[in-house]
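Only one structure is covered here, and it is reproduced in the block below.
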Amino acid sequence: MDISLNCQPFIRNFIRYLYTRSITVTSASMQCLHQLASEFGAERLMEDIGRLFVPLLPEDSSFRTQVALFRYAGRSGVGLLLENALRYLGWNVEPLVASAQWVSLPEELLKGLPVRSDLVLPDEAWLLGALDAWMLAQGEEVNPEQQAALLGHVRFPMITPVQLYEMPFTSLHLPPLQQPQRAVPLCHSTGVPVPRTELLRSDWA
């Protein structure tokens, strides 16, 4: 059984639960207790903790717990936990971007957030700036194809002409995508579809 060092302090409380059916769950312990319950087949405890995840998530303003929950849900394959984590992060994306956790988010989380219909954000220009900050922090670990895929989630027609005009001077990752006249013939000759971001930007040219 693989129990991380972070979870070992909660083993005693979990064992006590097996005898008393009573336990105190906090934002700091819920992930580990859920993992222990899964390992030992304590399904009732898993269900109870699963329901507590959402109301307990706001306790951590640093977003470390929420991001850790997303990673744990992905590893464990618990779809409900993954959806709860994504929904909470989508509803609170502004403070998430302002936190230190934003630039260290896994790419799979970045892919899951912009496509949500319940994403709460100021506007598309703000989303573009947030994605740009994340890509800048990753450096060469994110290749141009990955950058284009992330920027493809930005709805450029909803960005004002003034904001679009300013983008070449504020975004380090937009200039390669601002050459639709050269990209379109290449794509026609190779049969490769034009990236959504290039098509959208060409409408404003």
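The values are calculated or read from the model by the stated rules, or taken from the named source; none is laboratory data. Because the structure is predicted, anything quoted here is derived from the model rather than measured. A quick note on method: Cβ atoms are made from the backbone with ideal geometry, for glycine too, and the neighbour counts reach across all protein chains shown.
State the number of residues belonging to the stretch 139-156 that are hydrophobic (A, V, I, L, M, F, W, C) and either under 20 Å from PRO122 (Cβ atoms) or in contact with a strand residue (DSSP E or B) (Cβ under 7 Å, 6 or more places away or on another chain) (or both).
The total comes to 4.
Residues in the stretch 77-103 that are part of a helix (DSSP H, G or I), within 23 Å of HIS34 (Cβ to Cβ) and of a type outside the set (Phe, Trp, Tyr): GLY79, LEU80, LEU81, LEU82, GLU83, ASN84, ALA85, LEU86, ARG87, LEU89, GLY90, LEU96.
Here ARG196 clears all of (1) surrounded by fewer than 19 Cβ atoms within 10 Å (Cβ to Cβ); (2) modelled with pLDDT under 90; (3) under 29 Å from LEU89 (Cα atoms); (4) in the same structural domain as LEU105 (by the TED database) except the condition numbered (4). Per the conditions (1) modelled with pLDDT under 90; (2) surrounded by fewer than 15 Cβ atoms within 10 Å (Cβ to Cβ); (3) closer than 23 Å to PRO58 by Cβ, the sole criterion not satisfied by THR24 is (1).
Regarding the stretch 70-78, can at least one residue be identified that is buried (at least 19 other Cβ atoms within 10 Å of the Cβ) and farther than 30 Å from LEU121 by Cα? So far as the stretch 70-78 goes, no, none of its residues is buried (at least 19 other Cβ atoms within 10 Å of the Cβ) and farther than 30 Å from LEU121 by Cα. In the stretch 79-110, of all residues being among the β-branched types (Val, Ile, Thr) and buried (at least 17 other Cβ atoms within 10 Å of the Cβ), the one that is farthest from GLU47 (Cα to Cα) corresponds to VAL97.
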